[in-house]
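Down below is the structure, laid out as structure tokens.
All of the numbers you see were taken from the coordinates with simple rules; none came from a lab. Computed from a predicted structure; not experimentally measured. Note: ideal-geometry Cβ built from the backbone for every residue, glycine included; neighbour counts use all protein chains shown.
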């Protein structure tokens with residue numbers, strides 16, 4: 001900014017000096033009227049930035065009355081570098097050429113213009129066209145630089161959004177895995193510790209079970225807060241590897257810590273995304289049954305009928321009070337989102353016998 005503040009006055013002084021030198025070389029200081037026109041032209045150049053068109057108009061008398069044209073050409077360049085009206089620019093060039101060939105003062109007898117003035121007219125048009133084209137080139141370069149700056153900003157913004165999108169997906173994916181895997185295991189530890197705390201008669205074992213259960217509950221609570229923070233991104237997660245398959249369902253049910261039966265009736269292998277969805281659904285249902293319906297029995301059914309895989313997890317009514325384990329209430333939401341991504345649906349709700357059911361239906365071929 002400081003350099004520009006110093007450079008502008010120096011540029012103005014230089015252009016005014018060029019205009020005065022041109023008038024001096026052309027002998028335009030012979031009369032008072034010509035001196036006034038030259039002074040008017042030189043002063044007009046100081047207005048070329050704020051008012052380029054009036055500045056050009058003020059330089060026209062000097063072109064008409066003398067051969068000093070440098071000031072007017074500078075004004076044409078300033079106008080061309082700022083205006084976007086090409087007809088206006090062409091009209092100014094025509095006015096310059098006309099004033100350049102018109103005699104001053106006009107003859108009292110005979111025509112003002114003759115056929116021999118055509119070359120002079122062409123020369124005047126070419127003389128005016130040079131700064132006009134150069135000014136338009138400078139304007140185009142300025143516009144191109146501004147457009148490139150905008151494109152650069154847009155690209156940087158797109159890269160920022162892409163990075164944020166990737167980060168959001170990773171955060172949501174991490175939240176899903178933490179809820180599906182870590183919370184499942186910690187809640188199982190808490191349930192087993194609670195059962196040991198009630199059943200054992202050894203004081204040391206009872207204290208250890210109490211400590212384990214307390215720490216498990218605290219860990220679940222911290223996981224709940226972490227999952228809530230990670231889910232603020234709101235983006236659908238992508239899958240991590242390795243991922244569970246239906247071959248691991250028996251291990252999952254057997255290690256759930258509750259009484260559960262598994263029945264699988266499938267025709268052939270299912271796509272990996274469908275297998276993962278079924279596994280996570282059964283895992284979430286068993287976790288909820290263990291947390292909210294202690295003492296209940298659970299039945300897990302996975303069947304393939306008419307191009308649709310139906311997974312149903314049903315538990316009976318609880319026979320003991322539920323442990324006060326913390327919950328983020330994101331499990332069913334995540335399962336429903338996973339099902340919708342696969343074109344399926346998830347339903348859940350209480351049963352008439354005070355139990356609970358969770359049903360997942362996923363088509364294994366595209367719907368038509």
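See the values below:
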{"quantity": "Per-pair calculated FRET efficiency, R0 = 25 Å: residue 90 and residue 147 via Cβ, rounded to 0.05", "calculated": "0.50"}
{"quantity": "Order of 264, 38 - criterion: other Cβ atoms within 10 Å of each residue's Cβ, fewest first", "calculated": "264, 38"}
{"quantity": "Relative compactness, segment 1-81, computed as alpha-carbon Rg over 2.2 N^0.38 Å", "calculated": "1.07"}
{"quantity": "Stokes-Einstein diffusion coefficient of segment 243-368, Kirkwood radius over Cα pairs, 4 °C, 1.567 mPa s, in µm²/s", "calculated": "87 µm²/s"}
{"quantity": "Rg/Rg_globular for segment 121-225, with Rg_globular taken as 2.2 N^0.38 Å and Rg from C-alpha atoms", "calculated": "2.73"}
{"quantity": "Sorted by Cβ density within 10 Å, fewest first, the residues 169, 291", "calculated": "169, 291"}
{"quantity": "Residue 207 versus residue 269: modelled label distance in nm, points set 7 Å from Cα along the beta carbon direction", "calculated": "5.4 nm"}
{"quantity": "Added length on full extension, which subtracts the Cα-Cα distance from 0.36 nm per residue, residue 353 to residue 164", "calculated": "63.3 nm"}
{"quantity": "Pair residue 261, residue 306: separation of 7 Å Cα→Cβ label points (nm)", "calculated": "2.5 nm"}
{"quantity": "Gain upon complete extension [residue 199, residue 247; 0.36 nm per residue less C-alpha separation]", "calculated": "13.9 nm"}
{"quantity": "At R0 = 22 Å, FRET efficiency that the Cβ-Cβ distance of residue 67 and residue 122 yields, to 0.05", "calculated": "0.80"}
{"quantity": "Distance between segment 282-299 and segment 11-64 - C-alpha centres, whole angstrom", "calculated": "94 Å"}
{"quantity": "Potential lengthening between residue 215 and residue 156 on full extension [0.36 nm per residue; Cα-Cα distance subtracted]", "calculated": "16.7 nm"}
